[in-house]
Amino acid sequence: MTRAVLMPDEVEKAERLNLSVCRQGKQDLFALPCAYHVDKKCSIYEERFKVCGGYQCEMLKRLLAGEVNLDQALEIVRMVQRLEQEIYQLLGKHDASKSVWDLFNEFLNTEHNTSGEALKSHPELLLKARMLSLLGNKYFEPKLDAELNAAVQPLRASIPS
Ligand code: SF4
């Protein structure tokens, strides 16, 4: 997810908060990751937007449906956080204004990575990105997997089955 939808009466507040707001069709959106996500929580919780209050990731839906218990859900969240940190380390970058996928795609799109050659020589990065994508796909945000699959398409042939 790279943008979140604003209600019409929230646009002014988003702009006042210096969020990057854009219009797509008839919807106003603000860019994610959100600058107010600090220390793993919302730093403007009382002022957060309606979309934030109503959002349920796949994991929360599974938890509420009794498909996973709280311990299992927290363990998966910790696993995802560890993988993200490891990917940031392998990329040698951590920019709070960008998602791990933004940075991963930047890595893929650097001049010497256009053919995927650099990723072939970074199998650990590819493996961790793939694991993160699979966990994201299963538990959090199905769109992530499509984004990553598109990003690593040039490497498919080089991955042993
Ligand atoms: S919950 Fe808070 S940190 Fe998260 S997107 Fe909404 S305003 Fe930003």
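The values are calculated or read from the model by the stated rules, or taken from the named source; none is laboratory data. Note that this is a predicted model, so its numbers are computed, not measured. When we count neighbours, we look across all protein chains shown, and the Cβ atoms used for this are built from the backbone with ideal geometry, even at glycine.
Below, the figures for the structure above:
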{"item": "Hey, Val51 closer than 18 Å to Thr2 by Cα, surrounded by 13 or more Cβ atoms within 10 Å (Cβ to Cβ) and either within 16 Å of the ligand (Cβ to nearest atom) or aromatic (Phe, Trp, Tyr) (or both) or not", "result": "yes"}
{"item": "Selection count where residues are among the hydrophobic types (A, V, I, L, M, F, W, C) and assigned to a loop (DSSP other than H, G, I, E, B), scope segment 34-56", "result": "4"}
{"item": "Criterion: touching a residue at least 12 places away in the same chain (Cβ under 8 Å), outside the structural domain of Gly136 (by TED's automatic domain parsing) and not small (Gly, Ala, Ser) - qualifying residue of Leu90, Leu32", "result": "Leu32"}
{"item": "Residue in segment 69-89 that is touching a Leu at 6+ places or on another chain (Cβ under 8 Å) and loosely packed, with under 13 Cβ neighbours inside 10 Å present", "result": "yes"}
{"item": "The lone exception for Ser97 - which of (1) closer than 22 Å to Leu127 by Cα; (2) outside any helix (DSSP H, G or I); (3) within 16 Å of the ligand (Cβ to nearest atom) it fails", "result": "(1)"}
{"item": "Check on Lys13, outside the structural domain of Ser133 (by TED's automatic domain parsing), over 21 Å from the mean Cα position of the chain (by Cα) and within 15 Å of the ligand (Cβ to nearest atom)", "result": "yes"}
{"item": "Residue in segment 57-67 that is surrounded by fewer than 16 Cβ atoms within 10 Å (Cβ to Cβ), within 16 Å of the ligand (Cβ to nearest atom) and part of a helix (DSSP H, G or I) present", "result": "yes"}
{"item": "Residue match in segment 18-29 (condition: within 13 Å of Val51 (Cα to Cα) and assigned to a loop (DSSP other than H, G, I, E, B))", "result": "no"}
{"item": "Filter result (part of a helix (DSSP H, G or I) and over 15 Å from the mean Cα position of the chain (by Cα)) within segment 79-94", "result": "Gln89, Leu90, Leu91"}
{"item": "The lone exception for Leu126 - which of (1) in contact (Cβ under 8 Å) with a residue 24 or more places away in the chain; (2) within 16 Å of the ligand (Cβ to nearest atom); (3) not charged (D, E, K, R) it fails", "result": "(2)"}
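To keep it simple, each residue is scored yes or no on (1) at pLDDT 90 or above; (2) closer than 30 Å to Leu17 by Cα; (3) in the same structural domain as Glu15 (by TED's automatic domain parsing).
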| site | (1), (2), (3) |
| --- | --- |
| Phe49 | yes, yes, yes |
| Asn105 | no, yes, no |
| Leu126 | no, no, no |
| Leu134 | no, no, no |
